[in-house]
Amino acid sequence: MTRRVLVINSGSSSIKYQLIAVPPTEDGEKENEVLASGLVERIGEIRDGRLRHDGPSGRVTREMPIADHKAGVGAVLKLFEEVGPSLEANGGLAGVGHRVVQGGDRFTQPALITDDVVSRIDHLSPLAPLHNPANVAGIEAAREVFPEVGHVAVFDTAFHSTLPPAAYTYAIDREIASKYGIRRYGFHGTSHGYVARRTAQLLGKDPSEVNIIVMHLGNGASITAVRGGLSVDTSMGLTPLEGLMMGSRSGNIDPAVIFHLQRVAGMTTDQIDTLLNRKSGMLGMTGSNDMRDVHEMAAGDGEDAFDAQLALEVYCHRLQHYIGAYYAQLGRLDAIAFTAGVGENDTWVRENSLAGLGQMGIQIDAQRNADRSQPEREISADDSTVRVFVVPTDEESEIARQTLDVLFP
Ligand code: ADP
């Protein structure tokens, strides 16, 4: 039977949610259906909180004080009761799935949430101080508001639990690394896993038979080498700061830049953290973290054109760097998949990140690359030995699916 799952992604001052109907797995043809989605913002702020709910009767917005996550989830429940869809209908909710950013090396699979699991997620907060406490707040609130159903935590790191030691180990003192949990964990795992599986389906193969590079290029961006369905290398590390150039994150830099900024520029650790995580990448180089703005600047004749062009070149240079590395590590490459906001929409980035790779068997077809008629599509040329796809990611749907796998094995 079709089951309905509420998927919750909570940030420090926001809660995103979707109510998803998941058809039975035997019904492989049928896709998940989003019955409602919404966003609660400005939780715990002095200004009134803001709610947006898209349901069967269109969009409803509200402004009201929202003191904490519990009040936020309570307000969401009220909206469902007032404007629908009813959470009681069709046998009621089957479960609640929660996105959790950092699962450390403990959580290699989605987990049924118990008090012990919540406390373990909380204990991982030093590794993800911006994310895990917010995820815990969302989980605790939702468990109080929906006490009668099972709750499941789906971890961004879990798909990368198959990284081999050579890929996840940083070359530092082993005792320090072990004492403080310093290793590469990787993120966006729910998306990488989903897109790799879909890409295998598009190739007409079982995931275990193919090697794929998945490029998740959103505001945050990461790239993963997937061998036979398993993540074997990924660009994000201890935190989502490592790897590609992103909307507002620098990605890889020489770690000595940090010491230099401390010693020479007199910056504090927090200032450098903010600089590299929130004021770098596209935003730092051009003033905007949105690729559409950057392309507009680069095409214009304003003073910002040169910086914007350089930023785009740095972005693609870094992508190529990883494509080469992951191709070498995989040995054989069947497909490359682009996903997330930039990957799904930015024709220029797709073309330029793969430009000049003909010798490696990677050839894009310009017309297919520009064609937007199908969201999920192949863009490689007929003679490209590595096939290239655009595969829209769907993290919420994947969380709903994994939630049901745990609750109804
Ligand atoms: P998030 O990491 O916040 O989930 P998304 O995957 O939604 O991000 O990606 C958001 C980013 O996608 C935007 O900041 C923008 O840079 C980029 N983007 C969205 N639409 C387009 C477009 N049509 N062309 C180029 N880039 C786009």
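How long are the semi-axes of the ellipsoid equivalent to the range 353-409, from square roots of 5 times the Cα gyration tensor eigenvalues, in whole Å, largest first? Each step should come with its number before you reach the end.
Working: eigenvalues 217, 37, 14 Å².
With the √(5λ) rule applied to the range 353-409, the semi-axes are 33, 14, 8 Å.
Could you tell me which of Ser119, Ala89, Ile46 has its Cα farthest along the dipole of the range 1-151 towards the positive end, charges placed at Cβ (Lys, Arg +1; Asp, Glu -1), taken about the Cα centre?
Ile46
If you wrap the range 144-283's Cα atoms in a convex hull and average its projection over all directions, what's the area in nm²?
With every direction weighted equally, the projected area is 12.1 nm².
Where the only charges are on Cβ atoms (+1 Lys, Arg; -1 Asp, Glu), what is the dipole of the chain about its Cα centre, to the nearest 20 debye?
Values: 37 positive and 54 negative charges, 138 e Å.
For the chain, the charge dipole is close to 660 debye.
Take the alpha-carbon positions of the range 197-355, form their convex hull, and give its projected area averaged over all directions (one quarter of the hull surface) in nm².
Mean projected area of the Cα convex hull: 10.1 nm².
Distance cut-off 25 Å, Cα to Cα: go down the list Lys30/Lys78; Lys30/Lys205; Lys16/Lys78 and report the pairs above it.
From the list (Lys30/Lys78; Lys30/Lys205; Lys16/Lys78), the Cα-Cα distance tops 25 Å for Lys30/Lys78.
Long-range amide H contacts for Asn219: which residues qualify at under 5 Å (H placed 1.01 Å from N, peptide plane, sequence gap of 5 or more or a different chain)?
Amide H neighbours of Asn219, under 5 Å, 5+ apart: Gly341.
Sorted by mean Cβ packing within 10 Å, highest first, what order do the peptides 391-398, 257-264, 125-132 take?
391-398, 125-132, 257-264
Once phi is turned into ³J(HN,Hα) by the Karplus curve 6.51 cos²θ - 1.76 cosθ + 1.60 with θ = phi - 60°, what whole-Hz value does each residue of the range 253-270 show in order, with x for glycine and proline?
9, 4, x, 5, 4, 5, 5, 4, 5, 5, 6, 8, 8, x, 7, 7, 4, 5
How far apart, in nanometres, would the label points at His123 and Thr108 be if each is projected 7 angstrom from Cα along the Cα-to-Cβ direction?
Rounded to a tenth, the inter-label distance reads 1.8 nm.
At 37 °C and 0.692 mPa s, what whole-number value in µm²/s does Stokes-Einstein give for the translational diffusion of the chain, with Rh from the Kirkwood sum over Cα pairs?
So the translational diffusion coefficient is about 146 µm²/s.
Might you report the magnitude of the Cβ-based charge dipole of the range 141-225 about its Cα centre, with Lys and Arg at +1 and Asp and Glu at -1, to the nearest 20 debye?
My answer is approximately 180 debye.
Based on alpha-carbon atoms only, what is the radius of gyration of the range 20-152 relative to the globular estimate 2.2 N^0.38 Å?
For the range 20-152, the normalised Cα radius of gyration is 1.14.
Considering the range 265-387, what Rg and Dmax in Å follow from its alpha-carbon atoms?
16.9, 55
For the range 220-263, just run the numbers: alpha carbon Rg, then divide by 2.2 N^0.38 Å, N being how many residues it has.
Normalised Rg, Cα atoms only: 1.41.
Quick one: Cα centre-to-centre distance for the range 1-54 and the range 264-303, in angstrom?
Measuring centre to centre over Cα atoms gives 31 Å.
In the chain, if the dipole is taken from +1 on Lys/Arg beta carbons and -1 on Asp/Glu beta carbons about the Cα centre, which of Val76, Asn132, Gln329 is farthest to the positive end?
Among Val76, Asn132, Gln329, the one farthest towards the positive end of the dipole of the chain is Asn132.
Sorted by mean Cβ packing within 10 Å, highest first, what order do the peptides 196-204, 15-23, 85-93, 323-331 take?
Going by the mean number of other Cβ atoms within 10 Å, highest first, we get 15-23, 196-204, 323-331, 85-93.
Only the coordinates and a few stated rules stand behind these numbers; no lab work does. Keep in mind that what you see is a predicted model, and the values were worked out from it rather than measured. So basically every Cβ, Gly included, is an ideal-geometry build from the backbone, and we count neighbours across all protein chains shown.
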